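Colleague: Handing you this structure, nothing more for now.
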2 protein chains.
Amino acid sequence: MALFVQKFGGTSVGSLERIEAVADLVVKTTQQGHQVVVVLSAMSGETNRLIEMATQLDARPNSRELDVLMTTGEQVSVALLAMAIIKRGHSAISLLADQVGIRTTNHFGKARIEHIQTARLQQELEHNRIAIITGFQGRDYEGNITTLGRGGTDTTAVELAAVLKADECQIFTDVDGVYTTDPRIESKAKRLSHITCAEMLALASLGAKVLHLRSVEAAGRYKVPLRVLSSFSPDTGTLITYEEELIGHSRIAGIAASRNEVEIKVLGCEQSFSCLGEIKALCAEQQIEIDMIAQTHQHSGKIDYAFTVQSNDHLQVIEILQSNLRYIRAHSVESNANVAKVSAVGVGIKSNCEVSNQFFSALTQEGIKTLLVSSSEIKVSVLVEEKYLELAVRTLHATFFSESTE
Amino acid sequence: MALFVQKFGGTSVGSLERIEAVADLVVKTTQQGHQVVVVLSAMSGETNRLIEMATQLDARPNSRELDVLMTTGEQVSVALLAMAIIKRGHSAISLLADQVGIRTTNHFGKARIEHIQTARLQQELEHNRIAIITGFQGRDYEGNITTLGRGGTDTTAVELAAVLKADECQIFTDVDGVYTTDPRIESKAKRLSHITCAEMLALASLGAKVLHLRSVEAAGRYKVPLRVLSSFSPDTGTLITYEEELIGHSRIAGIAASRNEVEIKVLGCEQSFSCLGEIKALCAEQQIEIDMIAQTHQHSGKIDYAFTVQSNDHLQVIEILQSNLRYIRAHSVESNANVAKVSAVGVGIKSNCEVSNQFFSALTQEGIKTLLVSSSEIKVSVLVEEKYLELAVRTLHATFFSESTE
């Protein structure tokens, strides 16, 4: 007998028919002799319906009350799934965040889980009940309702799996696992049966949308065995592992791509002054991360800096830098949003020069100019013109995942 | 400065426009220097939407989970109203049953409030916040979500007003007060500025739909000053009073009518046997109330009994009596659903013979035959053929509320 935490996202519970299918799936797991704790999102569409009502009343609705509103979505899901499972003759009970005892910080809309009580859940499991928990939500120390922000239901599932020491946390979604790259860009993309947590973290932060970064971080923190699989055609999916032996032999796990980047150039900086340090400090004040930094020396002795920021920080960064041009002793600021970041991710990538050589020569052969470059222990990233995104992904995929290199 | 508990029903918060109107109304009350605790129902239509989903999954959905589902309705209302009030620059906070501390029995779907904590509410009032509470719901001693059944939001409001010692509990609804009779039957019906709690109880139990019986009972228990008024055109409405002086001078407060009655006849009972006692016992076992009992002696020495039950008990009563005919030593059972109960309600009605005489002679003059009769300290009721309902109401209204008798 194993204990599984099974998480189903909005699409997986998006209609009464889908809820019936999830009920069948959960019941099947218990019939195989396992214990199940289910974590649910709101039915797809519901979150938007609620937000729309709120923003009609106030374009920027009060964040505490927005959380009170939003959490009704998961409450509806858990009650309906409990009914569907009970109708099938099995014992099930829905539990809200406060009933489980999921305590979070008090940052409405983006709270973090601080503590989960296990007494009530253990009790339900001992009574052979399928416990169905509202994902995405918690209560702060004053009992206010909070939500965890994007990817919050995954985070709830992972943290529950951690405190319950579950054998596996199964994230049921609308894709059947983690692929070598986005199958919509490269139809030859293959599903990975395993991926290390470090690789998954890198892929998630570099544009892969299967799992939300925070839930992978949480999984890594507690070494929760995490499996991504499809609720529409469940099979083995992809397992996120913590096996150290994988670190030994370097490989490429996948190719990620993101349009969510903007290249910023700060031109004509004085060499004698720490211009880059000031830029970093100004951005850090506004919690804006800068990445892929490069510097070029002009003949005049001045320095040009280039770096990237996330698209949603674009306008704010330009505003900050423009209004501080004199302070940072720079001549001008430029930006280019028509760029994309393409990355290869894999354990041991940095210690293997051949991978890096293959990466750059493949792009060069296709005439794809790299604007900026960055790398870490497990990834190599390049910034390219946005129009080259698909070509770069397909070229790199062919390089590292051709039939012969399998 | 007074403290008001203001309750708004489903129609009053049935759209975003209506929620904006309620926000204006509540804010206006605070601008007059008063403290306000608001109690809300689900937006009209929402309850049906939720029930429909549940019954599609299971024709008889699990009662605990149904309560989890239903309570999302009020949660949406309170969050939206809080946003609308905050948008208007006033301080407001939504509180769910568990945040207030509304403890109930564990009878899902028809729980009763056992205890309400006041600490959190008092704290919000001290901070000059408008507290917006989910009506209709509570938590049992195990923390399970419960609902109070029909009229539950009124009950929440009344009980909150009682524990907070509010100056008035204002029930905002879609009618502007309590009328001398149903204005849809008699357009000359007049609104009462005052009504005693005993009269209101009688009217509610005899078919008037303005207030639910349980909320009036709760008001009476705690002597909560209760006012019924319209959220669409709020004015003074009708105040439910506990003033003893009203008891002194007898009057008719109103004429109530109900189609929700069935006449049951048990024929040919043996005189030597306590047939009626057995009928009462059999019905009481199933929590079925019988009313308006009459007995007739046949020439043969046998006895016929007639009485009424509520329409929704009709089939069950027939089944019980048919299957126990031999046991209760009766010959046969008949029923007639084409009947209606018409009542006059008023303090001191029994001690004033003239009222009773007027009542019956008015009906006789119009050729309306009374099938059964019952009376108490504050009401006289007759059962008539259903087709006479409107005529009986209009006749009695003219008798007791003609211009001259005003």
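Read the figures in this text as sums done on the coordinates, not as results from a lab. The model shown is predicted, which means the values in this text are computed figures rather than measured ones. All Cβ positions, glycine included, derive from the backbone under ideal geometry; neighbour counts span all protein chains shown.
Colleague: Over all directions, average the projected area of the Cα convex hull of the range B:339-405 and note it in nm².
Modeller: 4.2 nm²
Colleague: Normalise the Cα radius of gyration of the protein assembly as shown by 2.2 N^0.38 Å (N = residues in it) and let me know the number.
Modeller: Cα Rg divided by the expected 2.2 N^0.38 Å: 1.26.
Colleague: Looking at the range B:285-386, which GluC sites (Glu not before Pro) are in a loop (DSSP not H, G, I, E or B) and have at most 15 other Cβ atoms within 10 Å?
Modeller: B:Glu289, B:Glu366, B:Glu377
Colleague: With every atom except the alpha carbons ignored, what do you get for Rg and Dmax of the range B:267-314, in angstroms?
Modeller: Considering the range B:267-314 through its Cα atoms, Rg and Dmax are 11.6, 34 Å.
Colleague: Write out the chymotrypsin sites (Phe, Trp or Tyr not before Pro) in the range B:85-146 meeting two conditions: DSSP loop, and at most 14 other Cβ atoms within 10 Å of their Cβ.
Modeller: B:Tyr141
Colleague: Just to be sure I understand the curve: with the Debye formula and one point per C-alpha of the range B:193-295, what is log10 I(q)/I(0) at q = 0.16 Å⁻¹?
Modeller: -0.85
Colleague: Another question about this same structure. Please list the helices of chain B that count as membrane-span-like by this rule: a mean Kyte-Doolittle hydropathy of at least 1.6 together with Cα atoms stretching 15 Å or more along the helix axis, each helix being a complete DSSP H run.
Modeller: Qualifying helices: none.
Colleague: May I pose another question? Pairs A:Lys110/A:Lys165; A:Lys280/A:Lys341; A:Lys280/A:Lys350; B:Lys110/B:Lys188; A:Lys188/A:Lys280: which are spaced more than 32 Å apart, C-alpha to C-alpha?
Modeller: Where the Cα-Cα span goes over 32 Å, the pairs concerned are B:Lys110/B:Lys188; A:Lys188/A:Lys280.
Colleague: Taking only DSSP H segments of four or more residues, each worth -39500 (n - 2.57), what value at 222 nm results for chain B once the sum is divided by all its residues, to the nearest 500 deg cm²/dmol?
Modeller: Counting only the DSSP helices, I get -10500 deg cm²/dmol.
Colleague: Taking 2.2 N^0.38 Å as the expected size of a compact globular protein, what ratio does the Cα radius of gyration of chain B give against it, to two decimals?
Modeller: My calculation over the Cα atoms of chain B gives 1.09.
Colleague: Could you give the length gained by full extension between A:Ala2 and A:Arg150, i.e. 0.36 nm per residue of separation minus their alpha carbon distance, to one decimal place?
Modeller: 50.4 nm
Colleague: Please give the FRET efficiency for A:Ile185 paired with B:Ala59, using the beta carbon to beta carbon distance and R0 = 41 Å, rounded to the nearest 0.05.
Modeller: 0.30
Colleague: Could you work out the percent of alpha carbon pairs in the range B:148-237 separated by over 23 Å, rounded to a whole number?
Modeller: 16 percent
Colleague: Tell me which cysteines of chain B come out unpaired when the rule is another cysteine's Cβ under 4.7 Å.
Modeller: Cysteines lacking a close Cβ partner in chain B: B:Cys169, B:Cys197, B:Cys283, B:Cys353.
Colleague: Now for a different question. If the viscosity is 1.002 mPa s and the temperature 20 °C, what translational diffusion coefficient in µm²/s does Stokes-Einstein give for the range B:241-388 when Rh comes from Kirkwood over Cα pairs?
Modeller: Estimated diffusion coefficient is 128 µm²/s.
Colleague: Calculate the radius of gyration of the Cα atoms of the range B:1-109 to one decimal place, then report Dmax, the largest Cα-Cα distance, as a whole number, both in Å.
Modeller: Rg and Dmax of the range B:1-109, Cα atoms, are 15.6, 50 Å.
Colleague: May I ask what percent, to the nearest 5, of DSSP beta bridges between residues of the protein assembly as shown are antiparallel?
Modeller: For the protein assembly as shown, the DSSP antiparallel bridge percentage is about 60.
Colleague: Then there's this: Tell me the Kirkwood hydrodynamic radius of the range A:313-354 in angstroms, computed as one over the mean inverse distance between distinct C-alpha pairs.
Modeller: Answer for the range A:313-354: a Kirkwood hydrodynamic radius of 13.7 Å.
Colleague: For the range B:339-405, what is the relative contact order in percent, using Cα pairs closer than 8 Å and at least 6 residues apart in sequence?
Modeller: 43 percent
Colleague: Put a dot 7 Å past each Cα toward the Cβ at B:Asp167 and B:Glu366; how far apart are the dots in nm?
Modeller: The modelled label-to-label distance comes out at 4.3 nm.
Colleague: Ok, one more. Quick check: net charge around B:Arg129, other residues with Cβ under 14 Å of its Cβ, Lys/Arg +1 and Asp/Glu -1?
Modeller: Result for the local shell: -1.
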